[in-house]
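In what follows, a single structure is set out as structure tokens and then discussed.
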Amino acid sequence: MVEGELLIRNGVVYDPINGVNGEKKDICIRDGKVVEEVRNPKVIDAEGRVVMPGGVDIHAHIAGGKVNAGRLFRPEDGRKGREAKTKVCRAQSGYSVPNTFATGYRYAKMGYTFVMEAAMPPLAARHTHEEIVDIPILDNAAMPLIDNNWMTMDYVKSGDMDLLAAYVAWIIKATKGYGVKIVNPGGTEAWAWAKNCDLNDAVPYFDVTPAEIVKSLAVANEKFEMPHSIHVHGNMLGHPGNYEVTTSTYDLVKGIKPYRDRPTMHATHTQFHSYGGTTWGDFESKAGAIADYVNKNEHVSIDLGSVILGDTTTMTADGPMEYSLYQITGRKWTNHDVELETGSGITPFLYSGKVSVHTIQWAIGQELALLIKDPWKVALTTDHPNAGPFIGYPIIISMLMSKRRRDESAADMHKAIYDRAALPSIDREYDLYEIAIVTRGMTAKTLGLHEHGKGHLGVGADGDVAIYDISPEERDAGRIQKAFLNTKYTIKGGEVVVKDGEVVATPAGKTYFVTPECDEKLTDEMMEKLKDKFEHYYSVTFNNYPVQDAYVPNPYEIKAPWRS
Amino acid sequence: MVEITDVVCSLCGCVCDDIVVEVEDNKVTKVKGACAVGKSKLMGHGRIESPAIRENGSLKDCSYDEAIKKAAEILAAARRPLLYGWSSTVCEADKVGVELAEEIGAVIDNTASVCHGPSVLAIQDVGLPSCTLGEVKNRADLVIYWGANPAAAHANHMKRYSYISKGYWTEEGKKNKKLVVVDVRKTATAKMADVFLQIEQGKDYLVFSALRAMLYGYEDVVPEEVGGISKKDLLETVRMMKEAKFGIIFFGMGVTHTGARHNNIVNAIQTTRAAHTHTKFNIMPMRGHYNVAGINQVCTWETGYPFAVDLSRGYAWYNPGEHSATDLLVRRECDAALIIASDPGAHFPGESIRHLAKIPVIQIDPFPNPTTEFADVVIPAAISGVEAEGNVYRMDNIPIRLRKLVDTEYMADEEIMEGILEEVRAIKGKESE
């Protein structure tokens, strides 16, 4: 936030949360916030250019243990993005696993001002926060993994949903986290014995099923006024024929009432969960079936996990999935299981348009965006860096906006796209309003951040603005892609941080975290079991576990009261 | 007297965090739960008492301001500065170090360069299937120490995390576990082992290859004896590996710095992957300094690379062997060095030390060591984990916050580094005017 006034004049504004669809209007900012009017402002002339609220990324892996393990074991990736230090910017490196500084600069250049780190292992939460502090410009938050935790599974087994909620509250607070993240529930615990779990398999030794874990965590999450729903990476990610597991997972939370007007489940990187066929040989798109489900139901939102062709670094808490991937490619493989909580795997991957499976994967991400009718249910992501690095978002934007570009691309790719995917037969094209929805409006709303000034330009919102150097009439896919890669201006909290595609200022971002407020008696009862876990099984003491305030120098707290 | 619990030990890569200390009159008077070496560190011992600058061959006491200013002058004037050490201090100081390296176009390198650097190179080749130490504690029924002697070097390792520890599926401790030790001599750790494989010096690569072949079902290609170990013993080891529910290899300097060096570790990791086709198997380097893992982490997220990073081009350039600290010194390329929280004077090859002794050297450390003997500016630091707090990464990359136990007049590493950075910027600012 900077003091002073700023006027962005005559831009064509797309602000979906406030229903503003391509209106020529002025945006006034004072002391970092959007206001009705200003008196002596600095003026930015946005005449005829596209103006949007700062972008809000709902799901990306940008900070923490596995991101850094990815950087460490891929110096060849580090060499791809080198830029020397400037008066304003630190030295940059990396493409799919950029260093922290490059991460902030590159997102800001695309007009983004908030990014959600999608998976924080609770025991290593300090690490995630240490890196977040080194990511300039971006406001941020991180979601702790709460689904393979022994505490969670114990309460799922005993059916004590209130005690489960008490644990969920404690771990979100202890990690300075934002919400409930689920990654291959039960499967990652099974991976500690080199096994995996399907949705209704019993987790070894714990006598619960992944389905029960998902359902219970949704119940626990809705016991508080949580800004976000449970955020789910389901079972069997990346397996041919997994789409039925996906819709069965959605079904689990159907009857659970959310605390407010948002879905009960956010299903992430859905591209990886929309597969038909029985093997890689007869692999096909089932995006249609997933879209059909999402169209008919209101309790699920999704993000795409859309593929960017080329080399990337895959990483997830889904340890067994990364092992399978490594067995396919034979490339290097890192794994890091985390006691009592979670795990992770990392392996490089090349998406090639000459390979049938990759081509179909590439189509699926876009099919989901185009077949789901209501863009308020869809977020644009690449599950950075899993389906491709975030720097590829402008490519996806240009694809969604141009049938011609999709057709031209498909013509160069494996012919499987014509008989095992639906993309070539889809005519829909996104307009800028829909792009604004899937990159800021929907994402801010789904995370509950619109109530905290993110993702819109209404009075009182944060002065986060992206000005793209295109006119609303622009139809050329190449020019659209270029404009969304480097803004004319990015403004963060009223301060110009990017001008003409160059970073000109690097203020520190705020870290948003949620404080679920739980009944003391319940907390005390839960604490007995928790302390026993620390006493006997953790390798770190109870008192050394919670993230200290020093790790979150720019905090923004959101309280989530217990719903009586 | 005040009792402080959950004290985090700032000695080795075990980073034990359940120590209890008593503090009286601002002094640590009693330490419970630490090993002998950790206890000695926490209790405190002889240290550098004052900042000092070398004049006419001998160190002369000065103020912090004078020492910091002198250090900044040396670094700002250097054409090829080296910033080395970083493993026995906190990440907060390491971060300022990377920033300083960018500012002056230095090479920044850390002790991994002469320690587990070969392990890093191996990880960059094949990856690292691993886990946290609590996973080992709760699940491991087969523990292998290879070229590592924790009984001497990581004294609490077996008790807290591995062979002797008790966990969820290992509640009877070592009773239902097996310990295999591979070493060139019968170490204290080897004496505890169910199976001790006495390997010939430098034959690790061969023995890994033999195990790997057997794990993949090619035992017929393995000769009757490999690296001094009989085929019978190797087969027995492979049987134990296959039958384990959860196995782990901990490896140390005995493998990283002998024979095939980083190729040993590539082979060790590939042996782990071979075992993983039968059961759960992990591997972990026994990191030495309490935060060597941490400087690798910080350096990686800030520059993209874990050690031996050359910032002279303005962006990070990584080519270990070309500009790792010892190589730079052997080539007599660097013309000034800042040494922090480490002792190259005791650990570098003679040829490197000879050059180091010739160039201006700034030392930041709580304790005197052989490097002090030739340092030109000596800046005493608060002892991290006793007099200063901050973040460190355990050998399994779990971040833990060191506690401050007593007050001190000494500046913390982070403050000293910030002081130097500020002074360097002031000098460079004047130069560009």
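Against chain B, whose longest principal axis is taken from its Cα atoms, helix B:64-77 shows a tilt of about 80°. Quick one: which of B:137/B:280; A:66/A:87; A:181/A:377 span more than 21 angstrom between C-alpha atoms? As for pairs spanning more than 21 Å Cα to Cα, those are A:66/A:87. 3J(HN,Hα) along segment B:405-415: 9, 9, 7, 8, 8, 6, 6, 6, 3, 4, 5 Hz, from the Karplus curve 6.51 cos²θ - 1.76 cosθ + 1.60 with θ = phi - 60°, whole Hz, x for Gly and Pro.
What FRET efficiency would be calculated for the residue pair residue B:32, residue A:499, taking the C-beta separation as r and a Förster radius of 56 Å, to the nearest 0.05?
The value I calculate is 0.40.
May I ask for the distance between the Cα centers of segment A:408-445 and segment A:156-232, given as a whole number of Å? The two parts, judged by their Cα centres, are 33 Å apart.
Let me confirm one metric for peptide A:186-192, namely the mean number of other chain beta-carbon atoms within 10 Å of its residues' beta-carbons.
The mean count of partner-chain Cβ atoms within 10 Å per residue comes to 1.
Here's the picture: charge each Lys and Arg Cβ at +1 and each Asp and Glu Cβ at -1 in chain B, and of B:271, B:230, B:170 the one pushed furthest to the positive end of that dipole is B:230.
Of A:237, A:217, A:330, which is farthest towards the positive pole of chain A's charge dipole, taken about the Cα centre with +1 and -1 on the beta-carbons of Lys, Arg and Asp, Glu respectively? Farthest towards the positive pole: A:330. Here the accessible area of segment A:398-490 is 45 percent carbon and sulfur, with a 1.4 angstrom probe and all protein chains present.
Peptide A:134-140 is shielded by partner chain Cβ atoms: per residue, an average of 1 of them sit within 10 Å of its Cβ. Charge dipole (Cα centre; +1 on Lys/Arg Cβ, -1 on Asp/Glu Cβ; no other charges) of segment B:24-168 amounts to roughly 780 debye. Computed with a 1.4 Å probe over protein heavy atoms only, the accessible surface of chain B comes to 36 Å² per residue. A simple charge model with +1 on the Cβ of Lys and Arg, -1 on the Cβ of Asp and Glu and nothing else charged puts the dipole of segment A:176-297 at about 500 debye relative to its Cα centre. Full extension of the segment from residue A:193 to residue A:563, taken as 0.36 nm per residue of separation minus the current Cα-Cα distance, would add 129.4 nm. Taking only the Cα atoms of chain B, the ratio Rg/Rh comes out at 1.00, with Rh defined as the Kirkwood radius. Highest mean packing comes first when the peptides A:134-144, A:327-337, A:32-42 are listed by Cβ atoms within 10 Å, giving A:134-144, A:327-337, A:32-42. Grouping the Cα pair distances of segment B:33-85 into 10 Å bins from zero gives a pair-distance distribution of 19, 31, 28, 19, 3 percent in increasing distance order.
Between residue B:433 and residue A:419, how high is the FRET efficiency from 1/(1 + (r/R0)^6) when r is the Cβ-Cβ distance and R₀ = 56 Å? Nearest 0.05.
Efficiency computed from Cβ-Cβ geometry: 0.20.
Rounded to the nearest whole Hz, the Karplus-based 3J(HN,Hα) values (6.51 cos²θ - 1.76 cosθ + 1.60, θ = phi - 60°) of segment B:231-237 follow the sequence 4, 4, 5, 5, 4, 5, 4, with x at glycine and proline.
Can you list, largest first and rounded to whole Å, the semi-axes you get for segment B:117-285 by taking the square root of 5 times each eigenvalue of its Cα gyration tensor?
Semi-axes, largest first: 22, 17, 16 Å.
Using the Kirkwood radius built from alpha carbon pairs, what does the Stokes-Einstein equation give as D for chain A at 20 °C and 1.002 mPa s, in µm² per second?
After rounding, the answer is 91 µm²/s.
Shielding of peptide A:124-132 by partners, expressed as the average count of other chain Cβ atoms within 10 Å per residue Cβ, is 5. Sorting B:33-40, B:117-124 by average packing, meaning the other beta carbons within 10 Å per residue, from highest down gives B:117-124, B:33-40. Taking B:364, B:164, B:144 as the candidate residues, the one with maximal mean-square fluctuation in a Gaussian network model of chain B, Cα springs under 10 Å, is B:164. I need the calculated FRET efficiency for the pair residue B:358 and residue B:40, taking r as the beta carbon distance and R₀ as 22 Å, to the nearest 0.05. The pair residue B:358/residue B:40 has a calculated efficiency of 0.05. For segment A:178-302, the solvent-accessible area with a 1.4 angstrom probe is 30 square angstrom per residue. Each label was represented as a point 7 Å from its Cα along the Cα-to-Cβ direction; for residue B:332 and residue A:519 these points are 7.8 nm apart.
Histogrammed with a bin width of 10 Å, the alpha carbon distances of segment B:267-353 distribute as 14, 33, 32, 15, 5, 0 percent, first bin at zero. Residues of segment B:1-24 that lose at least 50 Å² of accessible area (1.4 Å probe, protein heavy atoms only) when the other protein chains are present, relative to their chain alone, are B:6, B:17. Carbon-plus-sulfur accessible fraction, chain B (probe radius 1.4 Å, protein heavy atoms only): 47%. Rg over Rh for segment A:1-110 works out to 1.10, both radii taken from alpha-carbon positions and Rh defined as the Kirkwood radius. Chains A and B together bury roughly 5200 Å² of accessible surface, counting both sides and using a 1.4 Å probe on protein heavy atoms. Over every Cα atom in segment A:343-479, the radius of gyration and the widest Cα-Cα span, Dmax, amount to 16.5, 51 Å.
Among the GluC sites (Glu not before Pro) found in segment B:117-206, those both in a DSSP coil and sparsely packed, with 10 or fewer other Cβ atoms within 10 Å of their Cβ, are B:172. When the alpha carbon gyration tensor of segment B:282-433 is reduced to an equivalent ellipsoid, the three semi-axes, largest first, read 24, 22, 19 Å. Under a model in which nothing but the beta-carbon of Lys, Arg (+1) and Asp, Glu (-1) is charged, segment A:53-503 shows a dipole of about 1060 debye around its Cα centre.
Note that the protein assembly as shown carries a Kirkwood radius of 29.2 Å, evaluated over its alpha carbons pair by pair.
The values are calculated or read from the model by the stated rules, or taken from the named source; none is laboratory data. These figures come from a predicted structure and were not determined experimentally. Note that each Cβ is placed from the backbone with ideal geometry, even for glycine, and that neighbours are counted across all protein chains shown. Surface areas here come from the heavy atoms of the whole protein model, side chains and all, with no ligands, DNA or RNA. Shrake-Rupley method; radii C 1.70, N 1.55, O 1.52, S 1.80 Å.
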